[in-house]
Each structure stands twice: as C-alpha cells, then as structure tokens.
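Undergrad: One structure, as structure tokens, below. Some questions next.
The values are calculated or read from the model by the stated rules, or taken from the named source; none is laboratory data. All of these numbers come straight from a predicted model, not from anything done at the bench. Quick reminder, even Gly has a Cβ in these numbers, built from the backbone with ideal geometry, and neighbours come from all protein chains shown. Heavy atoms of the whole protein, side chains included, go into the accessibility calculation; ligands, DNA and RNA do not. Shrake-Rupley method; radii C 1.70, N 1.55, O 1.52, S 1.80 Å.
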Amino acid sequence: MARELSTLLLAGTATGTIQPVTVWNGIKVGKKIIEFIGEVPEWINYNQNLENHLQLLKRKTEFLESREADVVIELKNIEHQSGRKRKEEVNHWLRRVKTKVTDVRKVDDDINTVSYLPRFLFRAWLGSCIGKEIDQVNDLVQQGSFTTGLLLDAPRDCGGPLVTSDLKGAVVVQKLDEIWGHLISPFTVRIGVQGPAGIGKTAVMAHIFNRLCSSCRVFYVNVPPDFSIYNLQACIAEELKVDHLPQTEGSEIRRAARLCQAFKSMKEFVLILDGLPKDFAPGDLGISLEGNKGKIIVTSQCLNVCKRMLCQETVVLESLSREDSENLFMEKLAADSPLSEDIRSVARDIIQKCSGIPSKIIDMAVQLRGADVNEWLDTSSDM
C-alpha cells in the first residue's frame with residue numbers, strides 16, 4: 001500500500017523518471033496511483049480522518065475474525081455429526097479471510113515505516129487504501145453469512161432414510177460412534193462389525209446408513225441366507241440398479257465386470273453388506289475399491305470372517321448390561337401396573353437367561369404381555 005507508493009517515487013527520484021520495471025509489479029502500482037490521483041477531491045478527507053478510518057478498519061476486521069472462528073467451530077461440529085462435506089466456497093472464503101487479516105495488519109507497519117514521503121501525500125494515500133480495505137472486509141463479512149449453508153447438499157439417490165429405533169445402552173451408542181469414526185477416516189477402507197445373532201448389528205447399520213445418506217452414495221445389501229457369489233451379485237445389482245446382468249450359470253466373471261464398471265463410475269460410495277456368513281474376495285464379486293473413495297462395511301457373527309475380509313478395523317458389539325437389559329425388558333413389556341414381587345423375581349431370571357441380547361429380551365417381553373404368574377414360570381423353565 002503506502003510502501004508501494006514510496007518505492008515508486010524513490011525509484012523516480014534516483015533515475016529522474018519513473019521506471020515501472022524497477023518497482024514491484026510496476027504496472028499494477030501505476031494503476032493504483034492513477035486511481036489515487038482520480039480521488040484528489042477526497043484527499044483532504046483521507047488526511048483528516050485517517051485515524052478514525054483506521055480504527056474502523058480494525059473493528060470490522062475483528063468482527064470478521066470472530067465470524068471466521070464461528071464458522072470453523074460450526075464446521076467442526078456439523079461435519080463430524082453429518083459426514084457431509086463443506087462447500088468449496090467455504091474453503092475459498094476462509095483462505096480469503098486469512099489473507100485479508102494479514103493485509104490489514106500491515107497497515108500499522110506502513111504507518112511506522114514510511115516516513116520519507118510528504119506527510120499529506122502519505123496520509124492521503126494511506127487513507128485511500130484503508131477505505132478500499134474497509135469495503136473488502138465488509139464484503140467478506142457479508143459473504144460469510146452463507147445463507148445456503150456450509151455443507152454440500154445430500155445426494156438424492158440413497159433411497160431415503162431407513163426406519164430406525166432408539167439404540168439401547170450407552171455402550172451401543174459408543175460403538176456407533178466408533179464405527180462412524182472409522183468411516184470418516186481417510187485411511188480406513190474396510191470395516192467389520194461383529195456380534196452374535198440378535199445383538200443389534202442391523203439396527204446399528206440402519207443408523208449408519210441414515211447418517212451416510214446425507215454425505216455420499218450408500219448402498220445397503222442384506223446378504224441372502226443361501227450365500228453364493230452369484231446370489232450376492234444379484235442383490236448388489238438390484239441395489240445399484242444395474243440391469244441385464246448375465247443370467248447363465250458360470251457367468252460370475254462377466255457379472256463381476258458389469259458391477260465393477262458401475263462402482264468405478266462413482267467417485268465415492270459406501271457398501272454395507274449385512275449378515276455375511278463367509279468371506280470372499282471383493283474383486284470376485286465386482287466390488288472395486290481402487291481409483292475412488294469407496295468403502296465397504298461387513299457385519300458378521302464370526303470374527304474370523306471380518307479378519308479374512310481384511311478389515312482394517314473391526315468393532316465388536318457387546319451384550320447389554322444388566323441395568324440396560326432390565327430397562328429394555330420393562331419398556332417392551334409395557335405393563336399397565338407394577339409387577340408383583342413373584343413375577344419380578346421370575347422376570348429377573350428370564351432377563352438373565354437372555355444374556356444381554358436385545359432381540360431375545362424384546363421377544364420375551366412381547367410374549368409375556370398380560371401373562372399370569374404361571375405363564376411366567378413356564379416361560380422361564382422352557383428357556
């Protein structure tokens with residue numbers, strides 16, 4: 001700013017003429033000087049109100065920095081919670097703010113370092129520059145409102161959210177967050193989720209699916225009980241809406257090629273395979289995890305399946321605690337009145353025999369709604 005003007009004038013004094021090639025970006029500086037000369041009527045105002053304009057610039061810059069801090073905190077919170085990516089215009093705005101704050105901080109340096117120009121001319125030049133800086137800071141503050149939001153819109157082809165129920169138990173919620181942490185890590189491509197039947201793997205995956213719907217293309221495939229490469233290819237093709245797979249026996253290789261082409265056309269995706277009974281090579285199925293940002297999540301009752309699938313991270317779902325088991329049982333029992341002491345004793349025994357498996361607890365509670373003490377005793381003895 002002021003330093004540019006002084007450099008140009010000093011170059012002219014030393015040579016008898018102004019030579020732009022000897023000055024930093026001389027042509028650009030020359031254009032600024034021409035604009036400055038055109039502002040002659042404002043020079044007195046610039047000179048007289050320099051300090052006030054400088055303080056105004058500092059206050060506006062402080063407000064801009066506060067807005068920048070708010071945006072950074074908001075991004076940190078909502079990016080992690082939703083998994084959606086920030087808009088590129090937000091990154092561009094943050095970079096421009098940092099540059100502008102640096103420019104404004106140089107103003108004080110200019111005031112203290114440029115002493116060899118005529119005082120009036122210097123103050124008028126600096127006042128002109130400060131006025132432009134104030135306008136640019138105001139523009140950045142206005143642009144920082146981001147009325148359309150900070151994050152990219154959710155993809156439209158995930159099929160909508162799945163119906164979910166509240167997850168029971170603090171441990172389950174922690175496991176959900178652990179899985180999510182692996183998903184948003186750029187270093188994790190294959191994730192395993194292991195636990196016995198009824199532990200809640202499908203319920204957890206439904207919550208993961210709904211979160212992912214707002215950030216990328218996600219495909220949820222229930223692995224068929226009669227597992228085979230051929231059958232699983234058909235399920236994946238249906239989810240991906242890939243038509244006309246070869247139907248002849250022994251066509252798995254050609255079917256894999258079609259699916260591979262579909263996956264490679266996506267820059268980013270997550271494939272959930274829920275209920276995998278045995279391992280397989282993703283390439284044999286047609287799943288391509290190379291050349292894009294694809295990830296795969298497999299759930300299985302068998303920990304070795306997750307290991308043989310080369311999962312980089314495996315989250316093991318644990319049984320509910322005794323307290324969480326009792327709370328879930330009583331919630332699903334939905335008794336109209338408090339249980340008698342005899343029934344409460346039998347109920348504790350039944351809950352213990354459910355071993356903290358949510359699906360078993362729910363089934364028992366629903367089965368025993370409105371039952372008398374004899375039915376409670378019979379149910380307990382049959383378990």
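Undergrad: Where the accessible area of segment 228-317 is counted over protein heavy atoms with a 1.4 Å probe, how much of it, in %, is carbon and sulfur?
TA: After summing per-atom areas, the C and S share lands at 50 percent.
Undergrad: Can you give the net charge of the other residues whose Cβ lies under 13 Å from the Cβ of His207, counting K and R as +1 and D and E as -1?
TA: Surrounding charge for His207 is 0.
Undergrad: Mind listing the long-range amide H neighbours of Gly294? Cut-off is under 5 Å, sequence gap 5 or more, other chains count too, H placed in the peptide plane at 1.01 Å from N.
TA: Phe269
Undergrad: Determine the sum of side-chain charges near Asp372: Lys and Arg each +1, Asp and Glu each -1, restricted to other residues whose C-beta is under 15 angstrom from that of Asp372.
TA: The answer is -3.
Undergrad: A further question on this structure: Can you pull out the trypsin sites (Lys or Arg not before Pro) in segment 323-383 whose DSSP state is coil and whose Cβ has at most 12 other Cβ atoms within 10 Å?
TA: Filter output for segment 323-383: Arg369.
Undergrad: For segment 146-251, which GluC sites (Glu not before Pro) are both in a DSSP coil and crowded by at most 16 other Cβ atoms within 10 Å?
TA: Here the GluC sites (Glu not before Pro) that fit, given the DSSP loop and packing criteria, are Glu249.
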